[in-house]
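Reading through the structure tokens given below for one structure.
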Amino acid sequence: MNHLFLPADAPVDAALRGFALAHPGLVRLHEDPLYVTARDRHPSRRVGLLSGGGSGHEPLHSGFVGRGMLDAAVPGRVFASPHNRQVYEASRAVAGPDGVLHVVKNYTGDRINFGIAAERLRADGIPVRRVLVDDDLATDDTETATGRRGTGATVVVEKLLGGAADAGLGLDELAEAGARFAAASRSIAVAARAQTAPGRGGEAFELADGEIEYGVGIHGERAARTVPRPDFADLVDRMTEQVLAALPDGAPDTVLLLVNGLGATTLLELYAVHDRVRHLLGERGVSVAGQLVGTFVPALDMSGFSVTVTALRDNWLDWWHAPALTPAFPVSETAR
């Protein structure tokens, strides 16, 4: 059974048209090739910020296009990389006087297509750099050819880069800052039910009652192992401890926290997870300076959630709280 209510013909195009019609004051739709750009950006911004990737993860990335965050987003087909022509044309459209910065999740198709577009941009004389987001602990394995995947930390990196870009940083400064943001972030995800398989319907993989996938991917990649479902507190504590232990400089004093739904997880569940994560962080003496709770990087309609922690340094909190107006990024309570 297909639980996705999408048109059979060009569902991504239809969805992006609907998205642009819903937010006409914030974004502009470009259909050949397909991408969206922000209608407004800070006058101090010298570098265009662009990201993109497979569809099925909305509001990532289009929902974070707007003043204070991304200047453009490029969607691929469901769970597939955008074409390099989309990336190239969108980059040309939003490049600033200092060029354009690509925020790329660590997947092979994304790396290839953004890389081809970057070569074309350089041939045109447009400076371009890349920030690679690779926060997923489920693929932190020497046997994984591509290394850690890019998942929930992408939202954090895009927001911090948006604040830094509006502060007037140049291309090289932003690329170096983005690499530090990504390096300071780790995530882990679990799922109790797979997403609907695009096109054919039915669940992408089967789980028995009382089982979960520990370390599932945002494209519905199965975890390295299926485990008996732990008690709620034990599960959330295990995930939080794993993320903290994996941060490169050890447990930090202050963090940004993302509790993210994978598509079919209710806010009732996500707020309960947030409460438990905050309890454990408090016991460990870790202060949360900013948080997001909601569905920001789903995997279509998967039932599950992820926890992302970013260790704060320097003046990063100023960039986190810098003003932003996009369709999907909320204003945090501490920023008001």
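Determine the sum of side-chain charges near residue 206: Lys and Arg each +1, Asp and Glu each -1, restricted to other residues whose C-beta is under 14 angstrom from that of residue 206.
-2
Stokes-Einstein D for the chain at 4 °C, 1.567 mPa s, Kirkwood Rh over Cα pairs, in µm²/s?
After rounding, the answer is 65 µm²/s.
Report the antiparallel proportion of the DSSP beta bridges in segment 177-336 as a percent, rounded to a multiple of 5.
Just about 75 percent of them are antiparallel.
Just reorder 221, 269 by solvent-accessible area, largest first, 1.4 Å probe, all chains present.
269, 221
Cα gyration tensor of segment 53-101, axes a ≥ b ≥ c as square roots of the eigenvalues: rounded (a/c below 1.5), prolate (a/b > b/c) or oblate?
Oblate, because a/c is 1.5 or more while a/b does not exceed b/c.
Net charge around residue 329, counting only other residues with Cβ within less than 12 Å of its Cβ (Lys, Arg = +1; Asp, Glu = -1)?
Neighbourhood net charge equals +1.
Between residue 234 and residue 31, 0.36 nm times their residue separation minus their Cα-Cα distance comes to what?
Full extension from residue 234 to residue 31 adds 68.4 nm.
Gap in Å between the Cα centre of segment 167-197 and the Cα centre of segment 115-148?
The distance from the Cα centre of segment 115-148 to that of segment 167-197 comes to 12 Å.
So for segment 192-336, what are the equivalent ellipsoid semi-axes in whole Å, largest first, each being the square root of 5 times an eigenvalue of the Cα gyration tensor?
Equivalent-ellipsoid dimensions as semi-axes: 28, 19, 13 Å.
So, in nm, how far is label residue 108 from label residue 280 when the simple model puts each one 7 Å beyond its Cα toward the Cβ?
About 3.3 nm, to one decimal.
At 0.36 nm per residue, and after removing the present C-alpha to C-alpha distance, how many nm does the segment from residue 145 to residue 314 gain when stretched out fully?
57.6 nm
Using a Förster radius of 41 Å, what is the FRET efficiency between residue 206 and residue 180 based on their Cβ-Cβ separation? Nearest 0.05, please.
0.50
Between segment 84-114 and segment 207-234, how far is it from one alpha carbon centroid to the other, in angstrom?
What the calculation gives is 33 Å, centre to centre.
Report the FRET efficiency, 1/(1 + (r/R0)^6), for residue 119 and residue 44, where r is their Cβ-Cβ distance and R0 is 30 Å, rounded to 0.05.
It comes to 0.55.
Roughly speaking, what is the stretch gain from residue 92 to residue 9, that is 0.36 nm per residue apart minus the C-alpha to C-alpha distance, in nm to one decimal?
Length difference between fully extended and current span is 27.0 nm.
Can you pull out the GluC sites (Glu not before Pro) in segment 76-166 that DSSP calls coil and that have at most 13 other Cβ atoms within 10 Å?
Passing sites in segment 76-166 are 143.
Where does the charge balance sit around residue 195 when Lys and Arg score +1, Asp and Glu -1, over other residues with C-beta under 14 Å from its C-beta?
-3
The values are calculated or read from the model by the stated rules, or taken from the named source; none is laboratory data. Everything numeric in this text was worked out from a predicted model, so none of it was measured. We place every Cβ from the backbone using ideal geometry, glycine too, and count neighbours over all the protein chains shown. Note: areas computed on protein heavy atoms with side chains; ligands, DNA, RNA excluded. Shrake-Rupley method; radii C 1.70, N 1.55, O 1.52, S 1.80 Å.
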